[in-house]
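Since the structure comes first, as structure tokens, the remarks are kept for the end.
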Amino acid sequence: SRLPRHDVQALWGDWKTHLFLALTLCNLVPLWAVTYLPGLDLPNHTLAALLHTLPQTDIRVEYFQTQKLTSPYALFFILMTPMLKAFGYLTALKVVVSLAVVGIPMSALYFMRVFNPDNWEWAFVSFIFVYTFHFEYGFISYVLGLPLVLCGLALFWRLTQDRLSIRLQIASALVAALVYLSHVINIIALCVGAGILIATIIVDSRQGKTD
């Protein structure tokens, strides 16, 4: 006996979701299979994070200048500081980089679920953007911010549909703050994306009035 069509579609949908999650976890294998991560700028970023864990009286701090933890590009240092205290620097680095590797596809999934849930499978395309030129060169602050931009746009869109939701307001503000701490390009991307969404809402509202 054959399953009803809607049951087959439900099973297929669950199968695709499980495949997506499995591929997301598989992306972590290259990170944890090696001792030292590739990334041209990663050693410099790791050194700066280590310096942030040292007391200001430490003589080594006098020979380096680091950014404040409230400035753009500081997200990596903020995430690394507690990890460095809990683990060695190699493990701490892998944990933080893993957040970016997992965050890119998962944020794409959330983005598609919000904007086009019927075709959320397009989120599979995000896997080709995990290990890219930016990852190879160690632009970790930028890479960490990419998932936040996608989540921020999705949250902003949901907030326009439910402006009174305190939970969405807090989540949007938190994500926006994290984007600010990640990279200038991510800040610009979030602002431009939000502007496009606002323009779309204005155009739709005007068309609705004329109709």
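The values are calculated or read from the model by the stated rules, or taken from the named source; none is laboratory data. Quantities reported herein were computed from a predicted structural model and do not represent experimental measurements. All Cβ positions, glycine included, derive from the backbone under ideal geometry; neighbour counts span all protein chains shown. Please note that ligands, DNA and RNA were not included when accessible areas were found on the heavy atoms of the full protein model with its side chains. Shrake-Rupley method; radii C 1.70, N 1.55, O 1.52, S 1.80 Å.
When ASN44 is tested against (1) assigned to a loop (DSSP other than H, G, I, E, B); (2) closer than 23 Å to TYR180 by Cα; (3) at pLDDT below 85, exactly one condition is not met: (1). The C-beta contact set for the stretch 158-173 (first residue over 18 Å from PHE111 (Cβ atoms), second residue part of a loop (DSSP other than H, G, I, E, B), distance under 9 angstrom, 6+ apart or interchain) comprises GLN169/ARG163.
Just to be sure, is TYR137 hydroxyl-bearing (Ser, Thr, Tyr) and over 14 Å from the mean Cα position of the chain (by Cα)? It is true that TYR137 is hydroxyl-bearing (Ser, Thr, Tyr) and over 14 Å from the mean Cα position of the chain (by Cα). Output the number of residues of the stretch 134-163 satisfying the condition of being of a type outside the set (Val, Ile, Thr) and closer than 19 Å to ILE188 by Cβ. Count: 17. The residue that is nearest to the chain's Cα centre (by Cα), among those in the stretch 145-175 that are over 19 Å from MET112 (Cα atoms) and of a type in the set (A, V, I, L, M, F, W, C), is LEU174. The single condition among (1) open to solvent by 40 Å² or more (accessible area, probe 1.4 Å); (2) modelled with pLDDT under 95 that LEU197 does not satisfy is (1).
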